[in-house]
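Quick notes on the structure that follows.
What follows draws every value from the coordinates through simple rules; no lab data is involved. These numbers come from a predicted model, not from an experiment. All Cβ positions, even for glycine, are placed from backbone atoms using ideal geometry, and neighbour counts span all protein chains on display.
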Amino acid sequence: MRRTAALIIGGGPAGCAAAITLARGGVAPLLVERQPAGDALCGGFVSWRTVARIAELGVDPASLGGHRVDGVALFAGRRVHRARLPAPAMGLSRRRLDTELRAAAARVGVTCLSGVAVRSLDAGIATLADGATIAADTLFLATGKHDLRGHARPAAARGDDPTLGLRLRLHPPRDVAAALAGQIELHLFDRGYAGIVAQEDGSANICLAVHRSRLHAAGTPLALLETLAREHPALGARLAGLDATATIDAIANVPYGWRQRDGTPGLYRLGDQAAVIPSLAGEGMGIALASGIDAARAHLAGECASRWQPRFARRVARPMAVAGAARRVAESRWSSPLVALLPPRLIQVMAAVTRVG
Ligand SMILES: Cc1cc2nc3c(=O)[nH]c(=O)nc-3n(C[C@H](O)[C@H](O)[C@H](O)COP(=O)(O)OP(=O)(O)OC[C@H]3O[C@@H](n4cnc5c(N)ncnc54)[C@H](O)[C@@H]3O)c2cc1C
């Protein structure tokens, strides 16, 4: 059996942030990641706070080539409301971000087992898909949207009408690319919303969070997108290049609003395994990086996981509560009149208070 002082399961933003911080602090972690090239389902909006954390981890944000985002356009009913963001953000594919974070981890000496999946975790021992085992003194669970057997987030957190995430990438025609320049779009609709942002390669990342009842009514993801395009002409214009050959990635049962409040000795839960902020806030990657950095620092300072976990849950409580309230408004049938009451300054304040400090 292989042994390690610190085992990190998952090489997304949370796992990489923990790995880099531990390695810099003198603990040589082992990182296990099942996907050789990361490309998690994500809206691709990298907030200004996340940009700063990426820099802290040794990746120059300017080198990523992300699409600069200064403002938000909120489409509700037939109206569009615009506001400036508190600071510049960027649109970036997860493939690019995860690749650069993993390279930064390798530069500081992190050992990564790539293309290796952990099947289960029990009493400090991880069993891999091929049956091999790794014993670890300390574990960092960073499997993100995917639960590990025996450590799943509670089913009740999904709610009665669970949310699913859908993602597709389109190469927008010139007029749509021009409309997307410098801003992220949020399109609100009954029981869901879509975020659209241009990325470093000129593609538009279109990501939806939508309740299962809407998918059931439509039948398939493609049929749902076609229905939404008919109901919401502005969204329809962005989906103009959609056809039956488009790849639509999907993830089920996203437990928005859930936080891990209790701690387990020797097990730090990071990123989406620690807290799942509604994606319209665009701060999930921020929480992932913050949790990875903070947990690793706590470990280096001798603070046990069972004390750190509730402390981190308190740290994200306010942004999660504000994002949860915004999500309820966004998904309701009353979103159009309610959003019409919002002055641009308030949208900017909400963008600021949904960041993790
Ligand atoms: C619809 C939607 C839109 C979103 N849009 C945004 C946005 O625009 N901006 C933003 O900041 N956040 C957004 N988020 C949230 C963001 O994607 C997550 O919060 C973030 O990816 C969490 O990072 P993580 O490192 O915890 O997990 P992940 O990014 O999911 O990474 C987990 C890693 O673990 C690996 N892994 C999983 N299981 C195993 C295993 N058993 N063994 C080995 N490796 C494993 C995976 O391959 C993956 O690389 C969105 C989420 C959704 C659902």
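Using only side-chain charges placed at the Cβ, +1 for Lys and Arg and -1 for Asp and Glu, the dipole size of region 198-347 relative to its Cα centre rounds to 800 debye.
If you count, for each residue, the other Cβ atoms within 10 Å and average over each peptide, how do 252-264, 197-209 line up from highest to lowest?
197-209, 252-264
Remark: region 102-209 carries a charge dipole of roughly 160 debye about the Cα centre, counting +1 on each Lys and Arg Cβ and -1 on each Asp and Glu Cβ. For the chain, a Gaussian network of Cα nodes joined below 10 Å ranks His232, His171, His216 by mean-square fluctuation, and the top entry is His216. Among 242-248, 268-274, 27-33, the peptide with the highest mean count of other Cβ atoms within 10 Å heads the list, and the full ranking is 268-274, 27-33, 242-248. For trypsin sites (Lys or Arg not before Pro), the sites in region 48-103 that DSSP calls loop and that have at most 11 other Cβ atoms within 10 Å are Arg78.
Across the options Leu113, Ala76, Thr138, the greatest Cα extent toward the positive end of the charge dipole of region 44-153 (unit charges at beta carbon of Lys, Arg, Asp, Glu) belongs to Ala76. For the chain, the residue among Ala288, Ala351, Trp48 whose Cα projects farthest onto the positive side of the dipole built from Cβ charges is Ala351. When each full DSSP H helix of the chain is screened for a Cα extent of at least 18 Å along its own axis and an average Kyte-Doolittle hydropathy of at least 0.5, the helices passing are 284-300.
Find the Rg to Rh ratio for region 53-192, where Rh is the Kirkwood radius over alpha-carbon pairs and Rg uses the same atoms.
Result for region 53-192 is an Rg/Rh of 1.05.
Annotation: peptides 142-155, 3-16, ranked by per-residue average of other Cβ atoms within 10 Å with the highest first, follow the order 3-16, 142-155. Kindly identify region 115-207 as rounded, prolate or oblate by the Cα gyration tensor criterion: order the square roots of the eigenvalues as a ≥ b ≥ c, call it rounded if a/c is under 1.5, otherwise compare a/b with b/c, prolate if a/b is larger, else oblate. Judged from the Cα gyration tensor, region 115-207 comes out prolate (a/c at least 1.5, a/b above b/c).
For the chain, a crude dipole built from +1 on the beta carbon of Lys and Arg and -1 on the beta carbon of Asp and Glu, taken about the Cα centre, is about 760 debye to the nearest 20. What is region 314-357 by shape, rounded, prolate or oblate, if you read a ≥ b ≥ c off the alpha carbon gyration tensor as root eigenvalues and call it rounded for a/c under 1.5, prolate for a/b larger than b/c, and oblate otherwise? Judged from the Cα gyration tensor, region 314-357 comes out oblate (a/c at least 1.5, b/c at or above a/b). Any idea what log10 I(q)/I(0) is at q = 0.07 Å⁻¹ for the chain, Debye with uniform C-alpha scatterers and no solvent? Summing over Cα pairs of the chain leads to -0.28.
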